[in-house]
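Student: Quick one: the structure is below, questions incoming.
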Amino acid sequence: MKNYHFYSTRPLVGPYEFIVKSCVKNFQKDFKNSIKISIFKPKRLLDLRLNFFFIKTVIEILFFNKDMINIKYQNIDLSTHILSQTFKDYRSYTSKYYYYKNYILNLNRALRIIYNTNKIKKNVVAAYIDHGMYLNGILFQIFLKEKITIYSNNLPRGLFRINYSKKNRNLKYGDFLMFNNSYNLEKKLIKKTNHSLEKIIYKNQILPWIKKTKFKKINNIDYSQFTHIVYAHSFTDAQLIFGKDGFKNSKEWLLFTLSELLKVDENKILLKAHPNFYNKHMGKQAIWDKKIFHLLKNEIQKNNNLIILDTPTKNYEMLKKLNKNTILISHHSNALLEGIYFGFKCISSEKIFWKCSKLKLTNFWSDKFEYTKLLKKNWSKLKFANEKDFNSLLFEYLISDYNVGGKKYFLTIVKNILNIRNKDEVYKLETFATFLRKNNNNFKKIISSIANNIDEIKLK
């Protein structure tokens, strides 16, 4: 008798116990055979071809300057996930030794994932894969090609399910995080979507990661002088989450952006630090990002046309004071939504949390060549966001029942069943998962309710 396995990249401890078991219960509504939950743990690399590929690639990287952003094994993209994992360690920014060491170690881990996945994939019917922007994204690619049902959760989406189709078999993890639907919304819904965005802009509500930042007011800057605002991003968190666009990380993108803009004497640029650099609740990530930002500032040549705003300030307070002909530039930030709301033209990467070819919100690039041309354009040559597409994105991102704060969002379900009054407290998953097991009825309720409210992503 064949054994059927549901693989999880996380052991069943803490919150992952009810997350994974909810996914299993959801899958078993259609799959009637018994399933064994197994934890994916890549072991040693014992394949001659993969070992040869590893040695060959390392030699090419160290001695022949191999392009580290476009490494594949057969039809599996490796470099996106290797780079993302490599730049989680801030030392990859501060030391060439650690950069190459981390990259090579992660290359080996990536190949171990391929080797071990090939050994088990015949018996796998479904899987829960967490943090697919990192090395787990390689497992994601293989399972998707093998027609295995995949579950995951990652902002900007909640807990979701992907069923195989010919259209999506060659897509990557980030493709399923992007919103891509355009709707003809009624006026009531448009008003509701805009109200939700206003909660983020003015009150720091809805999105949990911005609630704890303590903002300051800056009154000694003449904002009306700027032609461009450039928003910095985290340097260690989820690099390349939505795919590749010509840059290995956000520091490389940022330095390139400033260098190109400063080639034009008429440009006046404000570089705005990410508020999470100053958010103590972000822990070590904030400390590392702030250190890298200070290193970046030292690499930028002093220029009277560039001002660096190295303090946490509310974006809307700046936007209200800008000239309306100011161009906003971000790689993939929420700040662009605020900019569009206030009527600014924006530039972004194609690899952002919506499908740029479907939702016309920004002037976007897909590689360095396109980006260089875009940065040379003056304000009059750029396009405004399409209002219908903007409202559609806000609807999916902020109003959807399945996404952050929605009634079907898995943490909302936990909050309601456990009667947690403070919404912020539910994000301390480890705390609540500890006592969930003491009350079996609540534990069963959570699993059953989440299992019935998992978003099924169908890309159009």
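Student: Restricting attention to region 135-189, which chymotrypsin sites (Phe, Trp or Tyr not before Pro) occupy a DSSP loop and are surrounded by at most 15 other Cβ atoms within 10 Å?
Tutor: Passing both the DSSP loop test and the Cβ count: Y164, Y183.
Student: Tally Lys and Arg at +1 and Asp and Glu at -1 over the other residues with C-beta under 10 Å from the C-beta of I447: what net charge comes out?
Tutor: Computed value for this residue: +3.
Student: Given the peptides 350-362, 191-203, 308-320, arrange them by the average over their residues of other C-beta atoms within 10 Å, most packed first.
Tutor: Result, highest mean Cβ count within 10 Å first: 350-362, 308-320, 191-203.
Student: Give the residue from I454, Y73, L336 lying farthest towards the positive end of the charge dipole for the chain; charges sit on Cβ (+1 for Lys and Arg, -1 for Asp and Glu) and the dipole is referred to the Cα centre.
Tutor: Of I454, Y73, L336, it is I454.
Student: Run the numbers on region 3-60 and let me know its relative contact order in percent, using alpha-carbon pairs under 8 Å that are six or more apart.
Tutor: That works out to 46 percent.
Student: Of all beta bridges DSSP finds with both residues in region 187-387, what is the antiparallel percent, to the nearest 5?
Tutor: Here the share of antiparallel DSSP bridges comes out near 5 percent.
Student: Among DSSP bridges having both ends in the chain, what percentage is antiparallel? Round to the nearest 5.
Tutor: 20 percent
Student: Only bridges whose two residues both fall in region 5-176 count here: according to DSSP, what percent of them are antiparallel, nearest 5?
Tutor: 35 percent
Student: Excluding residues fewer than 8 places away in the same chain, name every one of the lysines whose C-alpha is closer than 18 Å to that of K199.
Tutor: Within reach: K188, K191, K211, K212, K214, K314, K320, K407, K423.
Student: Using 10 Å bins from zero, what percent of all Cα-Cα pairs in region 5-176 falls into each bin?
Tutor: Binned Cα distances yield the sequence 9, 37, 34, 16, 3, 0.
Student: Let me ask another. Going Cα to Cα from K291, which lysines come in below 18 Å? Please leave out same-chain ones fewer than 8 positions away.
Tutor: The reachable lysines, counting only those whose Cα sits under 18 Å from K291, are K88, K96, K251, K272, K280.
Student: Which pairs, out of K166/K373; K187/K358; K263/K360; K43/K444; K25/K166; K166/K284, put more than 31 Å between their alpha-carbon atoms?
Tutor: Beyond 31 Å: K166/K373; K43/K444; K166/K284.
Student: Separation of region 10-46 and region 311-331 by C-alpha centroid, Å?
Tutor: Using only Cα atoms, the two centres lie 45 Å from each other.
Student: Moving on to the next point. Just need the relative contact order of the chain here, percent rounded to a whole number, with Cα pairs under 8 Å and 6+ apart.
Tutor: Dividing the mean separation by the residue count of the chain yields 18 percent.
Student: From Cα pairs below 8 angstrom and at least 6 apart in sequence, can you work out the relative contact order of region 187-387, rounded to a whole percent?
Tutor: Answer for region 187-387 is 24 percent.
Student: While we're on this one: As a test of the formula, what do you get for the chain when each DSSP H run with n ≥ 4 contributes -39,500 (n - 2.57) and the sum is divided by the residue count, at 222 nm and rounded to the nearest 500 deg cm²/dmol?
Tutor: My calculation for the chain gives -12000 deg cm²/dmol from helical runs alone.
Student: Ranked highest first by average number of other Cβ atoms within 10 Å, how do 294-306, 125-137, 97-109 line up?
Tutor: For the peptides 294-306, 125-137, 97-109, the packing ranking is 125-137, 97-109, 294-306.
Student: Moving on to the next point. Can you give the charge dipole size of the chain about its Cα centre, rounded to the nearest 20 debye, using +1 on the beta carbon of Lys and Arg and -1 on the beta carbon of Asp and Glu?
Tutor: Dipole magnitude for the chain comes out near 1180 debye.
Student: Determine the distance separating the Cα centre of region 243-275 from the Cα centre of region 56-90; give it in Å without decimals.
Tutor: Each part reduced to its Cα centre gives a spacing of 24 Å.
Student: Turning to a different aspect of this structure: Relative to the compact globular guide of 2.2 N^0.38 Å, what is the alpha carbon radius of gyration of the chain, as a ratio?
Tutor: 1.01
A short reminder: the numbers here are calculations on the coordinates, not readings from a lab. Source: prediction; values computed, not measured. Here the Cβ is made from the backbone with ideal geometry for all residues, glycine too, and neighbour counts use every protein chain on show.
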